[in-house]
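Following: one structure in structure tokens, then a few remarks.
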Amino acid sequence: MDCIFCKIIRGEIPSVKVYENHKVVAFLDINPVNHGHTLVVPKEHFENLLDGGEEILKEIMLTIKKVAWGITRAFDLKGFNVGQNNGAVAGQIVPHLHWHIIPRFPDDGLEPWSRKEYKQGEMAEIGEKIRKEIV
Ligand code: AMP
């Protein structure tokens, strides 16, 4: 598979791994939002969250918690963000399912997401639209 994360997993491209088991690997992001920014990646290639099966998603979530504890202890963190992008429109650059763990530091300058508002009745309408599609 000609995917940069698959190449990292196969050891064909260097990376700084911080954790690995038979299904999941965690390595430092090469362009960190903050130092210690870590990516948690399934070894099997899935493009995004919609493709990942239940078992791997459970394994990833447990790994995120384990690695987040490690980062927390390493930096004596008071908080971190866990994020995940699906599709280019959502900012996904590498089309191999992955989660970001981003350590947060006081006054690190990161801005929260900008927010929008709903018009009267719009929130209930959108809630219904989504509810109908959840299977
Ligand atoms: P995303 O926008 O969610 O697809 O994020 C992909 C992330 O992969 C970015 O934060 C990149 O900095 C990171 N990245 C790309 N290439 C490498 C690499 N060779 N080693 C480590 N991280 C990488």
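The values are calculated or read from the model by the stated rules, or taken from the named source; none is laboratory data. Remember, it's a predicted structure, so these values are computed and weren't measured experimentally. All Cβ positions, glycine included, derive from the backbone under ideal geometry; neighbour counts span all protein chains shown. Calculation scope for accessible area: heavy atoms of the full protein, side chains included, ligands and nucleic acids excluded. Shrake-Rupley method; radii C 1.70, N 1.55, O 1.52, S 1.80 Å.
Quick notes
- Test: residue 8 is within 18 Å of residue 93 (Cβ to Cβ) and either within 16 Å of the chain's Cα centre (by Cα) or open to solvent by less than 30 Å² (accessible area, probe 1.4 Å) (or both): yes
- Answer residue from segment 18-50, given it is charged (D, E, K, R) and open to solvent by 80 Å² or more (accessible area, probe 1.4 Å) and is farthest from residue 106 (Cα to Cα) among those: 44
- Residue check, residue 82 of a type outside the set (Phe, Trp, Tyr), without any contact (Cβ under 8 Å) to a residue 24 or more places away in the chain and part of a strand (DSSP E or B): yes
- Flag if residue 109 is exposed (fewer than 14 other Cβ atoms within 10 Å of the Cβ) and in contact with a Lys or Arg (Cβ under 9 Å, 6 or more places away or on another chain): no
- Residue satisfying all of: in segment 54-88; under 11 Å from the mean Cα position of the chain (by Cα) and open to solvent by 30 Å² or more (accessible area, probe 1.4 Å); farthest from the ligand (Cβ to nearest atom) among these: 61
- Within segment 1-52, being polar (S, T, N, Q) and within 11 Å of the ligand (Cβ to nearest atom) holds for 15, 31, 38, 48.
- Among the residues making up segment 89-132, those that are closer than 18 Å to residue 51 by Cβ and either at pLDDT below 95 or more than 9 Å from the ligand (Cβ to nearest atom) (or both) are 89, 97.
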